[in-house]
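Each reported figure results from applying straightforward, stated rules to the coordinates on display, with no laboratory input. Owing to the predicted nature of the structure, the values given are computational and were not obtained by experimental measurement. Don't worry about glycine lacking a Cβ; one is built from the backbone with ideal geometry, like all the others, and counts go over all protein chains shown.
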Ligand SMILES: N[C@@H](CCC(=O)N[C@@H](CS)C(=O)NCC(=O)O)C(=O)O
C-alpha cells in the first residue's frame, strides 16, 4: 500500500477526494484525523502546517500532496483508472478546472461559512455574513442550472473532477438553502450524483458520523436514521 489519505469521513472536502479514489478503484489506506486530539492534529500539521485536510501521502513516490484539486490531478497523472478525472484536451480541461474552482469557492465556501456560524456560541454569531453566504449559494444554483443545459455532468457527458467537487458541496449546501422548484436540472443532477456508486459509498461511510453535523435534521431522510454509537 503506497497511498495514505489523511481525512475525516464527515468532511466535505475529504468526500471530494474519496469520490475520485472510488471512481478509479485506487487502493489507499485512510488515516482518520481527529482535530480535537492533539496527537492526531499534530500528525496532520507535520504534513501540511496549514492544517486543512485531506492530505495525500504517497510513500512510493515520496510525495505529500495537499489541496483537493491538486490531489485529484496527482492521482489522475500517477494512478489513472477507468474514469479520467481531467480530459486530455487542454480546453476541456480548463472547463473542468473552472467548475472545480466554482464548486469549491462558491458552493463549499459559503456552505462552510454557514455551518461554522452555527457552531459558534450564540453571542458571536454573524447573521449578516450568513445572509451573504445564502445569497451566494442562490446565485451559484442559478449558474449551475444554466451550465447544465442538456449535459449529464457539469462539464459534459463524462464525469470529471468538477463533479467530485460538486457532489459533497451540493450535498451539504442543499441542507442550508434548498435548491427550489425552479432549479430542475440542478435537482436532477444532484440525484445523479447521489446515485453514482462512488459518491453513494462515500455517504454510506459517513453515515455513523452524520449526527455530528449541526444541520443533521435537514439531511435527506435516508441519512438521518443512524444514531450515535453507544
Ligand atoms: N482548499 C482546501 C480546503 C480544505 C478544507 O477546508 N478542509 C476542511 C475539512 S472539509 C478542514 O480542513 N477543516 C479544518 C479546519 O479548517 O481547521 C482543499 O481543497 O483541500
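Could you calculate the FRET efficiency of residue 157 with residue 10 from 1/(1 + (r/R0)^6), where r is the beta carbon distance between them and R0 is 41 Å, rounded to 0.05? Could the numbers behind the result be given before it?
Working: r = 31 Å, r/R0 = 0.76.
The computed FRET efficiency comes out at 0.85.
Starting from the Cα of residue 30, move 7 Å in the Cα-to-Cβ direction to define the label point; list residues of the stretch 186-226 whose amide nitrogen is under 18 Å from there. Once the point is set 7 Å along Cα→Cβ of residue 30, 197-213, 223-226 turn out to lie under 18 Å by backbone N, inside the stretch 186-226.
Quote the convex hull volume per residue of the chain, based on C-alpha atoms, as a whole number of Å³.
Working: hull volume 32.2 nm³, N = 230.
Residue-normalised Cα hull volume stands at 140 Å³.
Per-residue ellipticity at 222 nm computed for the chain from its helices equals -16000 deg cm²/dmol, with DSSP H segments shorter than 4 residues left out and the rest contributing -39,500 (n - 2.57). Extension gain for residue 89-residue 38 works out to 13.9 nm (0.36 nm per residue, less the C-alpha to C-alpha distance). The ranking of 8, 183 from fewest to most other beta carbons within 10 Å of each one's beta carbon is 183, 8.
Taking 0.36 nm per residue of separation and subtracting the Cα-Cα distance, full extension of the segment from residue 150 to residue 50 would add 32.0 nm.
The slack between residue 59 and residue 2, meaning 0.36 nm per residue of separation minus the straight C-alpha distance, is 20.0 nm.
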